[in-house]
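K.L.:
Dropping the structure in here first, questions after.
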């Protein structure tokens, strides 16, 4: 059996398998009380997001009782709502749980985690804040033909990191596409991965900080790597998203020691 739920602070809306009508329950504990066998339970990612201990208790109870608790990616849920033609004004929770059921077979479902460690949240904020400061800081320099030009601090930071990297000409063909324009490194990518490398202490943390997956936390770093880079690489169709992610991880390891001591 599979159960779907939409959560809010006052109650949850629940659909059992392919039932036409949902039921309203006070909370997830009440749902667990109704289940008589291990069940796949799929719902929105933000359940009990305002109360750390309640979220922990729900996750631990699901595991203890043998249930498989999974969540849908928040952004994908919103897009599916629009694709199905539902009006999101005055959100109807009975429709929301149907959207979750419709979406579930088509996306990567995630095993929910307990609310992020406060120390990790601070590191994530610091990494993105430093990138934002670089992005909004500029200096004047001599331009061509005796003129002047504005240079971003983010470009200066990227140039410093590039000096420590292998020569671009020595990269593989896939790396040249993922990390540059075929001739030089892409400074947006270098700066974003550099700041992520400064604060991520492992590949797994880098994946989270860079938001490499569909569930990725929205951030400046993720925006630079996906909206300002992968979006254009994808149009060319020369490498896959898996190859792109692999080369970003390679770059992370190249920059880890350098980024810790640079700016």
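The values are calculated or read from the model by the stated rules, or taken from the named source; none is laboratory data. Bear in mind that the values here come from a model prediction, so they are computed numbers and not experimental data. All Cβ positions, even for glycine, are placed from backbone atoms using ideal geometry, and neighbour counts span all protein chains on display.
K.L.:
Which residue is modelled with the lowest pLDDT, if the candidates are limited to region 202-219 and must be under 18 Å from residue 129 (Cβ atoms) and surrounded by fewer than 18 Cβ atoms within 10 Å (Cβ to Cβ)?
P.N.:
217
K.L.:
Here is a further query. If you go through region 39-55, how many residues are assigned to a loop (DSSP other than H, G, I, E, B) and modelled with pLDDT of 95 or more? Give the steps one after another, and end with the answer.
P.N.:
Of region 39-55, the ones assigned to a loop (DSSP other than H, G, I, E, B) are 39, 45-51.
Then drop every residue that is not modelled with pLDDT of 95 or more, which leaves 39.
The qualifying residues number 1.
K.L.:
Tell me yes or no: at least one residue of region 51-65 is in contact with a helix residue (DSSP H, G or I) (Cβ under 8 Å, 6 or more places away or on another chain), farther than 22 Å from residue 23 by Cβ and touching a residue at least 40 places away in the same chain (Cβ under 8 Å).
P.N.:
No, region 51-65 contains no residue that is in contact with a helix residue (DSSP H, G or I) (Cβ under 8 Å, 6 or more places away or on another chain), farther than 22 Å from residue 23 by Cβ and touching a residue at least 40 places away in the same chain (Cβ under 8 Å).
K.L.:
Of all residues in region 22-38, which are over 13 Å from residue 99 (Cα atoms) and in contact with a helix residue (DSSP H, G or I) (Cβ under 9 Å, 6 or more places away or on another chain)?
P.N.:
The first filter runs over region 22-38 and keeps only residues over 13 Å from residue 99 (Cα atoms), leaving 23-38.
If the condition is that a residue be over 13 Å from residue 99 (Cα atoms) and in contact with a helix residue (DSSP H, G or I) (Cβ under 9 Å, 6 or more places away or on another chain), then 24, 25, 27, 28, 29, 32 are the ones that fit.
K.L.:
Here is a further query. When you scan region 62-78, do you find a residue that is part of a helix (DSSP H, G or I), surrounded by 18 or more Cβ atoms within 10 Å (Cβ to Cβ) and touching a strand residue (DSSP E or B) at 6+ places or on another chain (Cβ under 7 Å), even just one?
P.N.:
The answer is yes; a qualifying residue exists.
K.L.:
Same structure again: Has region 143-160 got at least one residue that is modelled with pLDDT of 95 or more, buried (at least 16 other Cβ atoms within 10 Å of the Cβ), in contact with a strand residue (DSSP E or B) (Cβ under 6 Å, 6 or more places away or on another chain) and not in a loop (DSSP other than H, G, I, E, B)?
P.N.:
Checked against the condition, which is being modelled with pLDDT of 95 or more, buried (at least 16 other Cβ atoms within 10 Å of the Cβ), in contact with a strand residue (DSSP E or B) (Cβ under 6 Å, 6 or more places away or on another chain) and not in a loop (DSSP other than H, G, I, E, B), region 143-160 yields no hits at all.
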